[in-house]
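Chemist: If you scroll down you'll find the structure; I have some questions about it.
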Amino acid sequence: MTKQVHSKVVREAALQRLIDRGVNVEDIAEIVFLMQSPYHPNLTMEPCIASVNAVLEKREIQHAILVGVELDMLAEKGLLSEPIQSIIAQDEGLFGCDETLALGSVFTFGSIAVTTFGHLDKQKVGVIKRLDTKSSGQVHTFLDDLVASIASNASSRMAHRLRDEQEAQLDAQEGNEADGEQQAG
């Protein structure tokens, strides 16, 4: 019987794969900042980083990173059988499995994440563009889409949390006004 892999081991392995492939949390947080700052002018990088870290705690995201990066690395080493070796190594345009893996983890964070993912997949923003250019000699067929997924999820998570904070502030103001009216009356 095989031993169950502890969640901590999976999390650390997924984060290490990102780092080994040249992606850090701050790179992804920069995309989140770019996506959310038009709606929240006082936004700083700190909550963007926190949101990326929260998304990276999700087991589905960790599993997707491990699978996708593993396939990228195997293709990079020429260890896949044909024709999938060539398809992944070239990041063929009609190959949609990379987007499918990434999109599967986007559904957890709702429609904002899904539409943001589509935008990032087309526009190749920030570190996603660097990964997609193939200039490093590395294969990032899956990783560029996975980074878009993480950024989309973190962006959606932030959008919902910032809205909740705004509503809580509004509720507090309305409560204070009601208290003032009761005291005056």
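Read-outs throughout are calculated quantities, based only on the coordinates presented, and are distinct from any laboratory measurement. Since the structure is predicted, the reported quantities are computational estimates derived from the model, not experimental observations. Backbone-built Cβ (ideal geometry, glycine too); neighbour counts: all protein chains shown.
Chemist: With each label point set 7 Å from Cα along the Cα-Cβ vector, what nm distance links residue 19 and residue 90?
Modeler: Taking the simple label geometry, residue 19 and residue 90 are separated by 3.6 nm.
Chemist: If I model a spin label as a point 7 Å beyond the Cα along the Cα-Cβ vector, how far apart are those points for residue 3 and residue 168 in nm?
Modeler: Placing both labels 7 Å beyond Cα along the Cβ direction yields 4.1 nm.
Chemist: While we're looking at this one, here's another question. List the extent of the Cα atoms of the chain along each of their three principal axes, largest first, rounded to whole Å.
Modeler: 81, 44, 23
Chemist: Further question: Mind checking which of 73, 118, 86 is farthest towards the positive end of the range 67-136's charge dipole, using Cβ charges of +1 (Lys, Arg) and -1 (Asp, Glu) about the Cα centre?
Modeler: Of 73, 118, 86, it is 118.
Chemist: A further question follows. On a straight-distance basis, which aspartates and glutamates could pair with residue 134 in a cross-link, Cα separation under 13 angstrom, same-chain partners fewer than 8 positions away excluded?
Modeler: Answer for residue 134, where 13 Å is the Cα cut-off: 72, 76, 91, 92, 144, listed by chain and number.
Chemist: I'd like the orientation of helix 7-20 relative to the chain: the angle between its Cα long axis and the longest Cα principal axis, in ° from 0 to 90, rounded to 10.
Modeler: Helix 7-20 and the main axis of the chain meet at about 70 degrees.
Chemist: So what's Rg/Rh here for the range 74-128, counting alpha carbon atoms and using the Kirkwood radius for Rh? Present the calculation step by step, with values, prior to reporting the outcome.
Modeler: Values: Rg = 13.5 Å, Rh = 12.7 Å.
My calculation of the ratio gives 1.06.
Chemist: If you don't mind, another one. So which lysines pass the test for residue 58, namely a Cα distance under 27 Å, with those fewer than 8 places away in the same chain ruled out?
Modeler: Filter leaves 3, 8, 122, 124, 129.
Chemist: Moving on to the next point. Can you compute the helix-only [θ] at 222 nm over the chain? Use -39500 (n - 2.57) per DSSP H run of at least 4 residues, normalise by all residues, nearest 500 deg cm²/dmol.
Modeler: Working: 9 runs with 135 residues, N = 185.
Here the helix-only value at 222 nm equals -24000 deg cm²/dmol.
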